[in-house]
Amino acid sequence: MSIQKGDFIKVSYTGRNDDRIFDTTDEEVAKANNIYNEKGKYGGDIIIVGAGHTVAGLDEDLEGKEVGYKGTVTLPPEKAFGIRNPELIETVPITRFEDRPQVGMPVQIDGRPGIVIRVIGRMAQVDFNRFLAGQTVTYEYEIKEKIEDTESKVKGLLGLYIGKEFSIRIDDGTLFVDIEPELTFNQRWLISKRQIANEIISNTDIKEIIYQEKYNKDVLAPKKTEE
């Protein structure tokens, strides 16, 4: 049966801009192209087709394909990372930066991520456009499998958003997710947990989700400092 919107699938991919690889689910490819992230998750992503878990053009291209399909799709900016907006290039005083700005430096100004593109005297120009905005990109991808069981769907979504393994339990329509205490300070988790819950409830037979923190002596014990 062909892949339809709303299906959970595991997909592997490599994204290129011209001849430069900017993203991949293949660990060896990431290392060979100097984009490896030791905290990253490799081997393929579990996504919901049509849910915006990847760029629009790739998301659309998945529909109608079969499990095992391998292909390549070239995407214009409007189907990839968006049109470049010159109004999102702003001039910022260097006093706003923690470190002296340099061309190519990634920065955050008022919570907005950007890239320094020019430094003139006491001012710097920062591009707040989305990464690869205005550029045509190509994805090579493979649909590895269609995910059918609820537990794998849940773990897949948690891994997609947070990049970690979670201990979960499902009991009569209620999902229990064990949360490591350290995760309560994780900004990515704090921003994403409501969205994760919404997507799980909307796309599975789960009716309720309980995030539960667990503490014990090992967690609460003060950390030893090296002498």
Report summary line: Projected convex hull area of segment 89-169, Cα atoms, direction-averaged, in nm², equals 8.8 nm²
Query raised in the report: Stokes-Einstein at 37 °C, 0.692 mPa s, Kirkwood radius from Cα pairs: D for the chain in µm² s⁻¹?
Result: 161 µm²/s
Requested in this report: Provide the percentage of antiparallel DSSP beta bridges, counting only those with both residues in segment 149-214; round to the nearest 5.
Outcome: 40 percent
Query raised in the report: Among residues other than Asp59 whose Cβ falls under 11 Å from its Cβ, what is the net charge (Lys/Arg +1, Asp/Glu -1)?
Result: -1
Query - Long-range lysine pairs (8 or more apart or interchain), segment 149-214, Cα under 15 Å - result: 5
Report summary line: Listed with the fewest Cβ neighbours within 10 Å leading, Ser202, Ser152 appear as Ser202, Ser152
Query - Lys217/Ala32 FRET efficiency (R0 35 Å; Cβ-Cβ; nearest 0.05) - result: 0.20
Requested in this report: Would you mind counting up the charge near Asp110? Only other residues with Cβ under 12 Å from its Cβ, with Lys and Arg at +1 and Asp and Glu at -1.
Outcome: +1
Query raised in the report: Hey, in the GNM for the chain with a 10 angstrom Cα cutoff, which one of Val137, Val67, Val92 fluctuates hardest?
Result: Val92
Query raised in the report: Rounded to the nearest 500, what is the chain's calculated 222 nm mean residue ellipticity when only DSSP H runs of at least 4 contribute -39500 (n - 2.57) each, over all residues?
Result: -6000 deg cm²/dmol
**Report entry** P(r) tail fraction, segment 86-127 - alpha-carbon pairs more than 16 Å apart, %
**Finding:** 18 percent
Query raised in the report: Asp99 to Asp172: FRET efficiency via 1/(1 + (r/R0)^6), r the Cβ-Cβ distance, R0 45 Å, to the nearest 0.05?
Result: 0.25
Query raised in the report: For Glu38, what charge total do you get from the other residues with a beta carbon under 12 Å from its beta carbon, if Lys and Arg give +1 and Asp and Glu give -1?
Result: +2
Query raised in the report: If one computes the Cα centroid of segment 1-62 and of segment 93-154, what distance in Å separates the two points?
Result: 17 Å
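Just so you know, all these numbers are worked out from the coordinates, no wet-lab data involved. The model shown is predicted, which means the values in this text are computed figures rather than measured ones. Positions of Cβ are generated from backbone atoms using ideal geometry, with glycine treated the same way; all protein chains shown enter the neighbour counts.
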